[in-house]
Each structure stands twice: as C-alpha cells, then as structure tokens.
Amino acid sequence: MNKRNLKGWLYLLPAILFLGVFMVYPLIDVFIYSFEEGYNSASQTYYGTGAYNYSYVLHDPYFLQAIKNTFLLVIITVPLSTLLALLISVALSSIKALKKLYQTIYFLPYVTNTLAVGLVFMILFKKTAYSDGLVNLVLQLFGRGPVDFIDGPYWAKMLVLCIYTIWIVMPFKVLILTSALASVNQNYYNAARVDGTSRFRIFVRITLPMISPTVFYLIITGFIGAFKAYSDAVALFGTDLNAAGMNTIVGYVYDMLYGNGGGYPSYASAAAIILFVIVLTITCINLLVSRKHVYYS
Amino acid sequence: MKIVLEHLTKQFPARGRKSRESVTAVDNFNFEIPDGQLIGLLGPSGCGKSTTLNMICGLEKPTDGRILFGEEDVTNLPPENRGVGMVFQNYALYPHLTVKQNILFPLQNLKGKDKLSKDEMDRRVQNAAQLVQITELMDRRPSELSGGQQQRVAIARALVKMPRVLLLDEPLSNLDARLRLQTREEIRKIQRATKITTVFVTHDQEEAMSISDMIVVMKSGVVQQIGKPQDVYDSPVNLFVARFLGTPPINVFEGEIRGQKLYIGENAILDAPGISDQQVFAGIRPEGFVLDKNGPLCCQLGGVEVMGRDISVVSSHAASQAPAIRSIISSESSIDLSSKTIRFAVKPNKIFLFGRETEERIYL
C-alpha cells in the first residue's frame, strides 16, 4: 500500500470505526442471533443452531398480523402521499399570492412533534365518555353512526393509521418536490408554450420526466420509511399494539426484545432479518423499474 | 408574411423597494418587416432586443402598441395561435427526448382538424431534419450532440410546424468561433430556402451584418437606425451606431469646425462647407485612412499588426478618444517602423461628423 493510499484510509478511519461498531457489527450479530435458538443475552448461552427462529416467527399470528399491517400501510400510503405531495407542489408552484404562507403551512407537520400530532388525532378520532370525536360528529351530520376509530373495527383503525402516516410524511415530500419543480428551466415551458402544448401534456411529457429523479428518490425512501413504521402506530394505539391488532414489523421486533413478554432476542433477530430481506427486495425492484422511467441529466 | 410593429412599447413594473420607477424595455418601436426577409435585431445587452422578440413571439404582452402578421392583429393572441417558431438561446431541447421526439413534439400538440396522420408527421419530421442535415442523428439524445447539432435540431423543431414567422434568440452565441461562421451561413441558406420571415436577435454586429437583409440597431429600448447592413455601416445616424458597427471599431476624435473646415489637433483635415463653427466628434473608419507623407493627420506610430491580407497600423493621437487608433492599410504598402510619427490622409466618405453634445450626425 503506498503512502497516499494510507493517508486516504487514515481520513476514513473515524467513519469506518463508527460504521463498523454501530452498523456492520450489529448487522452481522443480528444475522448470527437469528440462527441461534433461545439465545439469552444475560448468560450469553443458546440451545442450538438452525432455522427454528424463522419457522417460529413465520408461524406466529402476531407476526403475520404485523406483516399484513405493514404491507397495507406501505401499499396505501406511499403512492397516495407521493401523488398528493405532487399535486400540492404543482399547485404551490403555480400560484403567486400567499405562496410563502402556504408553503409554511404545508411544512408545519414536519416540525410538529409526532406525539403532539397523535394527540390531535385522538381528539379527531377517539371515542370517550364525553365525546365521540370530531370526525364522528361530522359523520353524524350525514346520518352515519359513530365509528370507534381507535378501539373499533380493523378497517377504521387502519384508515386512521394511513391518514396519520400520510399527514406525517407529506410535508417533506412537498418541500423536496417544490424545489425540484422550481429547478426546471423556464425555457422548456416557454418552448412548449410556443408550440401550443396543453398544460396536461406539459406536465406529463416535460415536468414529470424532468423531476423524475426526485420522485424516484421519494418513492424509494417512502417505501423504506413505511416498512420501518412503528412510532406512528404507538402514538395512535398505545404500546400494546399486538392487543390492538395494529402491530408493525418493527413493533414486533421491539416487543420481542423489550415488550411485555420480552426477552427473545433470537426471534427479534429473525424478524429483523426478514424485514431486511423484504426492504432489500422491494428496493431492488424499484431500481429495476426506475431504469426505464427515470431520466438523469 | 410581413410583420408590422406599431408603437410597440413594453414597460416592466418597478420591483422591490430600491427602484420605484418602472423600466421601459422597448420604447415606441415602429417597423414594417417585409415578407420573406431576414431581419437582425442588434444592440448591446439590455437594449430591449430580446423583449421585442418575445413580444413578437407572444411570450411577453406589449404595454402599448400593436403587432400585425400580414393584416391580422396578433397583439392579444397567445403564442400557440400565432404560428411562430422560436429557437431559444440555449435551444431548450427537451433533454429526455430523442432528436426525433423533440422535432415531433410540436406536431403532436395539434388537435382537432389540424391533427396529422402518423405518416404525415413522419414525413414532416424527415423534411425538417433533411433541411438542417441531421437525419443521421435522429435517435440520439440532445446531450449526445455538439452545440452546432443541437442548434440545428432546435431550428428543425421550430420549422416542422411550418410557422409563418421564425424567431431566433441569440442563435449563435453558444457556438465556438468556427462553428459560428458555418452556422450563420446555414441559417441564411435555410431562410432563403423556406422564405419564412425571420427575425433574429444578436449583440454581435458582424453576425447581424453578414446575413441580414435589414438590421435594426437598438439602444436602451429605442430604435436608433433601421436599414440594409451596408447602408447603416456607410451612413450611421449617430455616434452610437457608428461605434457599434465595424471591427476594428471606428476611431473617434475630438474635433472642431472652424471656418467651414474640420480641425483635428492643429491641422485641417476636411472641408466642411455650410457647417457653422462648433465642437464636434469626428469618426473615421479604420479603412478610411490613406498613407500619405504629406497627409494632414499626424499620429504617433505605435506598431503594426499583420492580419494577412491587410495590416493594421496602431497609432495614437492627442485628440483621439481611445488610446489606440487602428487603421487598416493594404499589406503592400511599406511603413517605416523606425519613424516616430505617421501621417495619413482621410477618405471623405469614411469620415462622419457628430455634434459634441447631441452625438447626432452632422451631414456634410
């Protein structure tokens, strides 16, 4: 290794050290735990090795529920939030008056504490002894009976979780998309106008391809973020998510480690590895699809 | 299609706290562009030439005045209904589309009774591509093309919808010097072939002079002079136009009219019959100097620049506005470089007089 190379590694050392200790090592460790049956972190012992942990987790109804919840959340919120964010940013970039004000308003949820937002959603949706919640009040105006969104039927709870998630992730997407839209050279629009291009066609044929790298970035990070959802469910349904039937994969991992019946690092590791494989697969599919539809200048 | 500009005026509203006055970008522009001509709008940056072009195109709305294409008033028509083709300074080719898709784009916008069949579209795209000689580049992306090729694609895209008027905004400014020469010939040829009334904007006087049927010289939003390039060069109406046209630029001296003669320094250079005594600027074109041992204009010799066919003599004179006077002399003449001074006679048709205050031309 020559001197210059050595110098390079020296500069990289702090980052490598931190990444190694806090990312690479735990990753490998989790992978190993997931194959060790009944690992006990206090005594550092285990009974044997094999795929039993995976078999257990995949047969655990709570885990299957968590998988179902997580997938539903991903499939509903990622496309919807991206689409809504796109609509809002296009609207924002086409208005002149009060633009700054609207931008601020749309960005506010991003800087609002998750639990504070959870509280607001409680007021909106929770049925208490005194009130059925704001949404139910509105529903009653249309003659629909009160629905218990927090402790009631599954679809109602999922609906609230999805609305909540979309509301939380949208501001960031709006922010990023607004700046992407602003960076499209005005000359392209002028050229399109002179050629008599309809507004819809300008959007589909010019604007979208121009901002496609940004949209793609938001979709990828959106998928990953939604798969890792946990705190949003806790904010709405409390810590006992299994009982509420609203657990997510990350929630399941957490419960296995520290939850009520906790202390099962082997099961937690197996579940974490399964999540890792899912996210990896989805991201790879995304990358493959993007090759055709994303234009990089 | 002739284009008539009547009292065309564009004011931009004041912006911000600093400037409360609105800016007049174009002031009372009157001009009738004859059918099928190539017109160069010429002026320094900020003179309003691009704004004028954008108003003809429809991207900017005039504050006052009218624009007519033929007999039709298009002042309030949006750009897509005017039948104009525009080539933008940076070409504005859609980077994610191939050359063919770029040229096809305007045709795909046509709706209703104007809608073309696929074969007709292909035929038109082929024709436009042939005209600008890019048929072998059809499947490339703009980023894979040279500047000159991109320029041609942009022209093809503007021509494919068969516009009534072709507009070019600084069409050559993004090209290197050699390509510029070649492309301007190309533009001239295409314009001749299509006979579309064409207006182009440039700050390069050489570019405008070389290919335009007529040039319009503008300054601070006001038209200074309109005419055939040679006429404007041979008879500028004021000092600005005289200075703006010609390379090397005109040499300007501070002079004086005394007793119906023009004096530069001590010597009478020229007869100026019928002109009252006053302070003037005298502009002499570089080719207006003639080597003459007994000539009236005596300058300090600085050096000689060889330019092949001609030589450029660099000298100085106390009355000259610029530190260096450049005169173009045939390379066959011999110059004694050891001599400190050099004497010139002046061709009377290459010297122009301007009022010292007004800078307007004083005709002899």
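The values are calculated or read from the model by the stated rules, or taken from the named source; none is laboratory data. Values in this document were obtained by computation on a predicted structure and should not be read as measured data. Cβ sites come from the backbone with ideal geometry, for glycine too, and all protein chains shown count toward neighbours. For accessibility, only protein heavy atoms count, side chains too; no ligands or nucleic acids. Shrake-Rupley method; radii C 1.70, N 1.55, O 1.52, S 1.80 Å.
Which net charge results for the neighbourhood of B:K195, defined as the other residues with beta-carbon distances under 14 angstrom from its beta-carbon, given Lys and Arg at +1 and Asp and Glu at -1? Net charge in that neighbourhood comes out at +3. Could you please report the charge total around B:T9, scoring K, R as +1 and D, E as -1 over all other residues with beta-carbon less than 13 angstrom from its beta-carbon? Charge balance in the 13 Å sphere: -1. The lysines within cross-link reach of B:K10, meaning a Cα-to-Cα straight distance under 30 Å and a gap of 8 or more places when in the same chain, are A:K96, A:K99, A:K100, B:K2, B:K18, B:K49, B:K61, B:K161, B:K195, B:K219, B:K228. Heavy-atom accessible surface of segment A:162-297, averaged per residue, reaches 46 Å², computed with a 1.4 Å probe. Treating each Cα of segment B:3-243 as one equal point scatterer and applying the Debye formula with no solvent, the log10 of I(q)/I(0) at q = 0.12, 0.18 Å⁻¹ comes out as -0.70, -1.39.
A simple count of charges around B:V217, restricted to other residues whose Cβ falls under 15 Å of its Cβ and scoring Lys, Arg +1 and Asp, Glu -1, yields -4. When the charge dipole of the protein assembly as shown is built from unit charges on Cβ atoms (+1 for Lys and Arg, -1 for Asp and Glu) and taken about the Cα centre, the candidate among A:G145, B:H7, A:S179 whose Cα reaches farthest toward its positive end is A:G145. For B:L270, the residues whose amide H sits under 5 Å from its own are B:L262, ignoring neighbours fewer than 5 places away on the same chain, with H placed 1.01 Å from N.
Loop sites by DSSP among the trypsin sites (Lys or Arg not before Pro) of chain A, restricted to those with at most 12 other Cβ atoms within 10 angstrom, leave A:145-297 as the longest stretch without any of them.
Across B:A242, B:A345, B:A25, mean-square fluctuation computed from a Gaussian network of chain B (C-alpha pairs under 10 Å connected) peaks at B:A345.
Computed over protein heavy atoms with a 1.4 Å probe, the accessible surface of chain B works out to 47 Å² per residue.
Comparing each chain alone with all protein chains together (probe 1.4 Å, DNA, RNA and ligands left out), the residues of segment B:41-68 losing at least 30 Å² of accessible area are B:L59.
Once each part is reduced to its C-alpha centroid, what is the distance from segment A:1-77 to segment A:146-177 in angstrom? For segment A:1-77 versus segment A:146-177, the Cα centre distance is 29 Å.
Largest accessible area first, the residues A:I105, B:I134 order themselves as A:I105, B:I134 under a 1.4 Å probe with ligands, DNA and RNA left out. Applying a DSSP loop filter and a limit of 14 other Cβ atoms within 10 Å to the chymotrypsin sites (Phe, Trp or Tyr not before Pro) in segment A:61-131 leaves A:Y130. For the set A:Y230, A:Y46, B:Y363, A:Y56, solvent exposure ranked by accessible area (probe 1.4 Å, protein chains only) runs largest to smallest as B:Y363, A:Y46, A:Y56, A:Y230. Cα to Cα, under 30 Å, and not fewer than 8 places away if on the same chain: which lysines meet these conditions relative to A:K157? A:K157 reaches A:K68, A:K126, A:K127, A:K173, A:K228. Given an 8 Å cut-off on Cα distances and at least 6 residues of separation, report the relative contact order of segment B:3-243 as a percent. Computed value for segment B:3-243: 28 percent relative contact order. Inter-label distance, B:K228 to A:V111: 6.8 nm, where each label sits 7 Å from its Cα along the C-beta direction.
Does a label point 7 Å from the Cα of B:K195, set along Cα-to-beta-carbon, have any residues of segment B:150-180 with amide nitrogen under 19 Å, and which are they? Correct set: B:159-167.
With contacts taken as Cα pairs under 8 Å at a separation of at least 6 residues, chain A carries a relative contact order of 28 percent.
Computed as a quarter of the hull surface, the mean projected area of the alpha carbon convex hull for chain A stands at 23.7 nm².
In this Cβ point-charge picture (+1 for Lys and Arg, -1 for Asp and Glu), segment B:3-243 has a dipole of about 640 debye about its Cα centre. Using only alpha carbons, the protein assembly as shown has a radius of gyration to Kirkwood radius ratio (Rg to Rh) of 1.17. In this rough spin-label picture, where each label sits 7 Å from Cα along the Cβ direction, the B:L181-A:D29 distance is 7.3 nm. The lysines whose alpha-carbon is closer than 23 Å to the alpha-carbon of B:K340, local same-chain residues fewer than 8 away aside, are B:K293.
Projected label points at B:D114 and B:Q101, each 7 Å from Cα along the beta carbon direction, are separated by 2.3 nanometres.
Can you tell me what share of the DSSP beta bridges in chain B is antiparallel? A percent to the nearest 5 is fine. Here the share of antiparallel DSSP bridges comes out near 75 percent.
Got a number for carbon plus sulfur as a percent of segment A:13-137's accessible area, 1.4 Å probe? Accessible surface attributable to carbon and sulfur in segment A:13-137 totals 74 percent. Magnitude of the charge dipole for chain A, about its Cα centre and with charges confined to Cβ atoms of Lys, Arg (+1) and Asp, Glu (-1), is about 1680 debye. When only the Cβ of Lys, Arg, Asp and Glu is charged (+1, +1, -1, -1), the dipole of segment A:183-282 relative to its Cα centre reaches about 600 debye. Interface residues of segment B:93-134, defined as a loss of at least 50 Å² in heavy-atom accessible area between the chain alone and the complex of all protein chains with a 1.4 Å probe, are B:Y94, B:P95, B:H96, B:F105, B:N109. Taken along its principal axes, the alpha carbon cloud of segment A:174-297 reaches lengths of 68, 30, 20 Å, longest axis first.
Against the empirical 2.2 N^0.38 Å (N residues), segment B:61-126 has a Cα radius of gyration ratio of 1.40. Note on chain B: GNM, Cα springs under 10 Å; of B:D139, B:D119, B:D231, the largest mean-square fluctuation is that of B:D119. Split chain B at each of the GluC sites (Glu not before Pro) in a DSSP loop with at most 12 other beta carbon atoms within 10 Å, and the longest piece is B:72-265.
Just the protein heavy atoms count here, and of the accessible area of chain B at 1.4 Å, carbon and sulfur take up 47 percent. The contact between chain B and chain A removes approximately 1900 Å² from the accessible area (both sides summed; 1.4 Å probe; ligands, DNA and RNA excluded). Take every DSSP beta bridge with both residues inside the protein assembly as shown and express the antiparallel ones as a percent of the total, to the nearest 5. Rounded to the nearest five, the antiparallel share is 80 percent.
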